[in-house]
Amino acid sequence: MRKSRSVRVLVAVLPALVAPVLILGANPGRAATQPATSPPAKAAAPAIAPEAKDALTRMGEFLKSLQTFSLHQDIVREQVINGDLKVQKTSTADVSVRQPSDLKSEVHGDDDKNHTLLFDGKVLTFYVPETKYYAQMDAPGTTDQALEAAEARYGIEFPTRDLLFMSSTDDLTKDLTAAGFVGTSRIGDADTEHYAYRTADVDYQLWIQPGDKPLPRRLVITSKKLPAKPQYSATLTWDLAPRFDDALFAFRPPEGATKIAFGAPGSTKNSPTQAQPQK
């Protein structure tokens, strides 16, 4: 078991506290004339702790090795209203991934903001079950490329898109300005190691399962672009041996469904539910 940062600090400080006591106890009459010996100065801890950097690298390499997985997420997203009031919105997401180009995501959120996102390597589909509206865009390529295009063109956000980025990027550590080990935690049925990271735009925390399957079990992202610094958090439950068939990732419009166009690029009305049916 690793020592938490607070324990390490306490161990480092104890010699400085004990030394004067020992001197005073040895000869009270000379206490006023015999100063305590100062301990040698310790080198400052590095801004990026090697163990935190290594944990991030190991996690990223493991995620890149996964060819198929399913993932359940319990999500809490903070929204800022009236300038500085933060409120929390909750949602769940069930994600199925088959690399490099198959994806299905079902999201159930507050205020009946439910939707399904599917990608089969050629077409990305956004479906809203309450209205039976769906919109599609051609997006040949990998899942990550399709999601990046959907976000850039229409503002569509994929739950925990950062995890797919972590599974596709070459070096997760290149933008770090600070990183460190926080302690150990129990997340669901897994023991985890808690790390904190900092980049220019965000602070984020990861609770990573130790051992030969270093899966992230919890993620917290704090945005520094807004004064209120809203947070996004997700608790993650993994299945590394799911069974998929091609039909899972192909969209078949249900009876009564209407195809609509995505909002125009750059428009604030970028939700398919706000677009007009296609004629």
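Data for the structure
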item: Test: residue in the range 173-184 that is out of contact with any Lys or Arg (no Cβ under 9 Å at 6 or more places or on another chain) and either over 21 Å from Lys213 (Cβ atoms) or among the aromatic types (Phe, Trp, Tyr) (or both); result: yes
item: Residue ID - farthest from the chain's Cα centre (by Cα), chosen from residues in the range 91-125 that are in a strand (DSSP E or B) and farther than 19 Å from Ala247 by Cβ; result: His115
item: Given (1) among the small types (Gly, Ala, Ser); (2) farther than 18 Å from Ala261 by Cα; (3) buried (at least 21 other Cβ atoms within 10 Å of the Cβ), number of the condition Gly121 does not satisfy; result: (3)
item: Evaluation of Ile187 against (1) touching a Lys or Arg at 6+ places or on another chain (Cβ under 6 Å); (2) free of Cβ contacts under 8 Å to residues at least 40 places away in the same chain (one fails), failing number; result: (2)
item: Residue among Ile187, Ile221 that alone is of a type in the set (A, V, I, L, M), at pLDDT 95 or above and over 14 Å from Asp54 (Cα atoms); result: Ile187
item: Residue selected from the range 124-155 under the condition small (Gly, Ala, Ser) and free of Cβ contacts under 8 Å to residues at least 60 places away in the same chain, by the criterion farthest from Ile260 (Cα to Cα); result: Gly141
item: Residues being under 19 Å from Thr237 (Cβ atoms) and either over 9 Å from the mean Cα position of the chain (by Cα) or among the hydrophobic types (A, V, I, L, M, F, W, C) (or both) - total across the range 200-211; result: 6
item: Candidates Glu130, Glu193, Glu157, Glu148 - the one that is in the same structural domain as Phe69 (by TED's automatic domain parsing) and farther than 25 Å from Pro253 by Cα; result: Glu193
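The values are calculated or read from the model by the stated rules, or taken from the named source; none is laboratory data. Bear in mind that the values here come from a model prediction, so they are computed numbers and not experimental data. Cβ sites come from the backbone with ideal geometry, for glycine too, and all protein chains shown count toward neighbours.
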